[in-house]
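Structure record follows, encoded as C-alpha cells.
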Protein chains: 2
Amino acid sequence: MPAPLHFHFDFISPYGYFASLQVEQLAARHGRTVEWRPMLLGVAVMKVMGLKPLLDTPLKGDYVRRDVLRHARKQGLHLGRDLNASVGNPLPAARAFYWVRQHHPELQAAMVHALYHAFWAEGKDLSTPEAVASIALPPGLLPAEVAAGVASDEASTLLRNAVSASIAAGVFGSPTLVVDGEPFWGFDRLGEAEEWLATGGW
Amino acid sequence: MPAPLHFHFDFISPYGYFASLQVEQLAARHGRTVEWRPMLLGVAVMKVMGLKPLLDTPLKGDYVRRDVLRHARKQGLHLGRDLNASVGNPLPAARAFYWVRQHHPELQAAMVHALYHAFWAEGKDLSTPEAVASIALPPGLLPAEVAAGVASDEASTLLRNAVSASIAAGVFGSPTLVVDGEPFWGFDRLGEAEEWLATGGW
C-alpha cells in the first residue's frame, strides 16, 4: 500500500479550503489516500517565523483578498465570509478534527469537509466548542460529544502534538502537500505535486 | 496596439529569474510586449510590509532553497550561486537597468537578461557599479558608460521613482505580472496570467 499524501492546512486558510476540495481526487488518481493534518499557522508557525498573519500584511493582504475572490469566481464557489472580517481562532475546529480522528477515524475526511464548508461557504463562527458542535456534522456524530471532545484535554494534547509534527516537517504555510517526503507549498502547486507523483520526481 | 504586460521583479529573486526566461514568449503568444520593472524588495517593500527577507525566514527559507533547486533541475538550468550565501545589494543592477532604458531603450530587454544571467547562472557579484559594468554587456554598451550611469544621480532618481510606482501598483513580491491592471504574483502563476490574457478574465 503506497504511503498517503500528507495534507497540512489551517481551517482559516482560504487556499487550504480550495485545496481540500481537490486533494482526494488528486491522490486517488495515483492510488493514494490523504492524511489530513490540520494545524495552526497563527498560534505556532507565526511565532517560529516571526511573520504577521497573511491578511494583516500590508500590500500582500490586499492581493490575497483579490486573489481569493478571483479564484472563487473561477471555480464557481460561494464564499460566505467577508475577507476583511476577523477569522477568529481556528483552535476549536482543529481540536474537533483530532478528536474525531481519534474516536471516529472513519469520519475524519467528512469532518474536514464539514468544518471547511461551515467556515468558508457558510461563514459560520468556529471559535468555541459550542460553535463547532452546532455545524452540520457528519452523520454519526452527536453535537454534545463533539463539544465535550473539543473541550477535552485529550483533544488539546492531540492538536499540540500535531502542530509540532507539522512544524518539524517544515510546514509553514497552508496548504502544504507532502508527497513521499517532498513538500509542495501552495494551492497553486497542486499541479506540480501531481506531476511529481506521476513521474516519481526530478 | 494592446498594452504591454508589466513585469515587476527583483534581480536577487530566483523566481524572477525563472520568469524572466519565459515572460516574453508568453506575451508574444497574445500579441503583447513586456514592460520591464525591476524593483527592490529588500529596500522598499520589506519596510512597508514589515517582513524579513525570504531566505532569512525560518522554515520558509529552507523550503524556498529546496524549491528553487527543484525547479532549476526540472528546467535544466544551471545556478551558479550558493543559495545560502548572501545575495548582496541589487541596487546597482536595478539602477543599471533604468539607466540603459533611458539612454538605450532598444537594449533594455537584453540588459535584463545580461544582468540576470550574470547573477544567477554565473554567480557574479553585482553590488557595485564596477561589478555591474564588468558583466557580459549587450553589444552597444561600453563598460565605462555603464559604470558611470549606475553611479549617476539620474539612475538613482529613475530607480527611486520606479520602486515607488511598483509599490503604488501593489507589488510586494517577485515576480509580479500585471495584465491590464490585474496582478499575478509568483512564478507559479504565469499560467494563470496567460489564461487571463487568453480569456479576458473571469
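Data overview
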read-out: Long-range amide H partners of B:F184 with built H, under 5 Å; value: B:L177, B:V178, B:V179
read-out: Electrostatic dipole magnitude of chain A [Cβ: Lys, Arg +1; Asp, Glu -1; Cα centre; debye, to 20]; value: 420
read-out: For A:E106, inter-copy label distances in nm, listed shortest first [label point 7 Å out on the Cα-Cβ vector]; value: 7.6
read-out: Bins of 5 Å, starting at 0 and running to the largest distance - Cα pair percent for region B:36-101; value: 3, 14, 18, 20, 23, 16, 6, 1
read-out: Interface A:B - total buried accessible surface [probe 1.4 Å, Å², rounded to 100]; value: 3200
read-out: Accessible area per residue in Å² at 1.4 Å probe, computed on the protein assembly as shown; value: 42
read-out: Backbone N within region B:97-128 under 19 Å of label point (7 Å from B:S86 Cα along the Cβ vector); value: B:119-120, B:123-128
read-out: Shape call, region B:5-199: gyration tensor on alpha carbons, a/c limit 1.5; value: rounded
read-out: Mean ellipticity per residue at 222 nm, deg cm²/dmol - from DSSP H runs of n ≥ 4 across chain A, formula -39500 (n - 2.57); value: -13500 deg cm²/dmol
read-out: Antiparallel DSSP beta bridges within region A:5-199, percent to nearest 5; value: 60
read-out: Residue among B:T57, B:T176, B:T128 with the largest mean-square fluctuation in a Gaussian network model of chain B, springs linking Cα atoms under 10 Å; value: B:T57
read-out: Relative counts (whole %) of C-alpha pair distances in region B:1-119, using bins that are 5 Å wide; value: 2, 10, 19, 21, 20, 15, 9, 3, 0, 0
read-out: Top of B:G16, B:G191, B:G173 by mean-square fluctuation, Gaussian network on chain B, Cα under 10 Å; value: B:G191
read-out: Surface accessible to a 1.4 Å probe, A:Y116 within the full protein complex, Å²; value: 0
read-out: For chain A: relative contact order, % (alpha-carbon pairs under 8 angstrom, 6 or more apart); value: 29
read-out: Most positive-pole-ward Cα, A:V43, A:L69, A:W185, against dipole of region A:5-199 from beta carbon charges; value: A:L69
read-out: Virtual spin-label span in nm between B:K52 and B:D180, 7 Å along Cα→Cβ; value: 4.1
read-out: Inter-copy label distances at A:N84 (7 Å, Cα→Cβ; nm, one decimal); value: 4.7
read-out: Long pairs among A:K74/B:K47; B:K60/B:K124; A:K74/A:K124, criterion Cα-Cα beyond 27 Å; value: A:K74/B:K47
read-out: Using a 7 Å Cα-to-Cβ projection, A:M1 label spacings across copies, nm, ascending; value: 6.3
read-out: Difference of contour (0.36 nm per residue) and Cα-Cα distance, A:R29 to A:E106; value: 25.6 nm
read-out: Solvent accessible area, Å² - B:F11, 1.4 Å probe, full protein context; value: 0
read-out: Closest approach to the A/B rotation axis among chain A Cβ atoms, residue and whole-Å value; value: A:D188, 2
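The values are calculated or read from the model by the stated rules, or taken from the named source; none is laboratory data. Worth saying up front: this structure is predicted, and the values here are computed from it rather than measured. With ideal geometry, Cβ positions are generated from the backbone for all residues, glycine too; neighbour counts draw on all protein chains shown. Each accessible area value is taken on the protein alone, full model and side chains, heavy atoms only, with ligands, DNA and RNA left out. Shrake-Rupley method; radii C 1.70, N 1.55, O 1.52, S 1.80 Å.
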